Amino acid sequence: VALLFYSEDDDPAAWGEALRRRLPDLDFRVWPEAGDPEDIDAALVWLPPSGMLAGLPRLKAVFSLAAGVDAMLRDPTLPDLPLCRMVDRSLTTTMGEYVLACVLWYHRSFDRYEAQQREARWQLHLPSPPEATVVGIMGMGELGAHVAGVLREQGFGVRGWSRTLKRVEGVTSFAGPEQLAEFLQPVGILVCLLPLTAETENMLDARLFGLLPRGARLIQVARGRHLVDEDLIAALNSGQLGHATLDVMRQEPLPERHPFWRHPQIRLTPHSASYSQPESGAEPVAENLRRLREGRPLLHVVDRRRGY
Ligand code: NDP
Ligand code: OXD
């Protein structure tokens, strides 16, 4: 099988090595050194240039290096072939670490202490037990369900919201637009782990923030286009939201002049919440290459109608 690799952010040598350890006869090629386009059976990519995949006449499947495939689905030149998204242990565990770190930071009032320090103000916020902090997770898929488990283990109150109702031990579950307000009502820390689709775009807006208790905090680790930027700034300035941690932006890298950079109640990271390490991420890709070769159904195929 010949696999073509493209990513500006991932190390092709490390992926090639990890894949060849599992599939010694793999023909691994790195764009733009694709050789004869007719040879290529599959592509492993993150944000490929528009038209690149359409130029591979015998391509049979596309594997995304990322869990979220919204950018690929927006590209009108994406071939009508199975598109498989990344589902990988290291991606999931690093997301668990990131969200836990943020939740603990808020739970122990570090955002308030940071603000107080700017004013040289000495004021104690007595720690409350973790069960008094309710964390709401929007999106209870691979990542959201794992994050829910990590937070439960720490004793936090956890609620989950998804399209279809889940049964997760210790997690109060809600589904669909009709249960959104009830889900949000006691949430002190809101985590967004939704895929970006036509239904979820711009969901994090003034109306939704107004359904949260005053002073709630936001952890946005999904996609920049879920968030209405101006509504976040207004909610922070009015006190409806207390603080926000943003890992993803509408435009990445975030333009230097964007107000998020300097807002005192916003903390930014550069789309680094979680990361698929080649050593573990190669496993699901290798399994799908075996399946492709043997004509068996592929894993983690995106439902293009649903958009995730
Ligand atoms: P999954 O597809 O496994 O889970 C998606 C979840 O969202 C499911 O529970 C689904 O509900 C729910 N959902 C989808 N649409 C709706 C809707 N309209 N209303 C309510 N719930 C909805 O995705 P992952 O957990 O693997 O990844 C989630 C997202 O995280 C990715 O799409 C990506 O954008 C982002 N991400 C960000 C990273 C970062 O570094 N910042 C890294 C990796 C991913 P149901 O279960 O009922 O179908
Ligand atoms: C993503 C990823 O979808 O890094 O953002 O997997």
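The values are calculated or read from the model by the stated rules, or taken from the named source; none is laboratory data. Keep in mind it's a predicted model, so treat the numbers as computed, not measured. With ideal geometry, Cβ positions are generated from the backbone for all residues, glycine too; neighbour counts draw on all protein chains shown. Accessible surface areas use protein heavy atoms only, side chains included; no ligands, DNA or RNA. Shrake-Rupley method; radii C 1.70, N 1.55, O 1.52, S 1.80 Å.
Ligands, DNA and RNA left out, the accessible area of segment 263-308 computed with a 1.4 Å probe is 54% carbon and sulfur. Each principal axis of segment 55-141 carries a Cα extent, and these read 66, 28, 20 Å when sorted largest first. With contacts taken as Cα pairs under 8 Å and at least 6 residues apart, segment 183-308 reaches a relative contact order of 23 percent. With all protein chains kept in place, the per residue accessible area of the chain amounts to 49 square angstrom at a probe of 1.4 angstrom. Charge tally for Ala206 (other residues, Cβ to Cβ under 12 Å; Lys, Arg +1; Asp, Glu -1): -3. Residue ranges 163-174, 99-110 sort as 99-110, 163-174 when ordered by packing (mean number of other C-beta atoms within 10 Å per residue, highest first). Element breakdown for segment 1-99 at a 1.4 angstrom probe: carbon and sulfur atoms account for 51% of the accessible area. In terms of packing, defined here as the mean over residues of other Cβ atoms within 10 angstrom, the peptides 290-296, 12-18, 239-245 line up highest first as 239-245, 12-18, 290-296.
Taking the inverse of the mean reciprocal distance over all distinct Cα pairs, the Kirkwood hydrodynamic radius of the chain comes to 20.8 Å. From helices alone, the chain scores -9000 deg cm²/dmol at 222 nm; the rule is -39500 (n - 2.57) for each run of n ≥ 4 DSSP H residues, then divide by the residue total.
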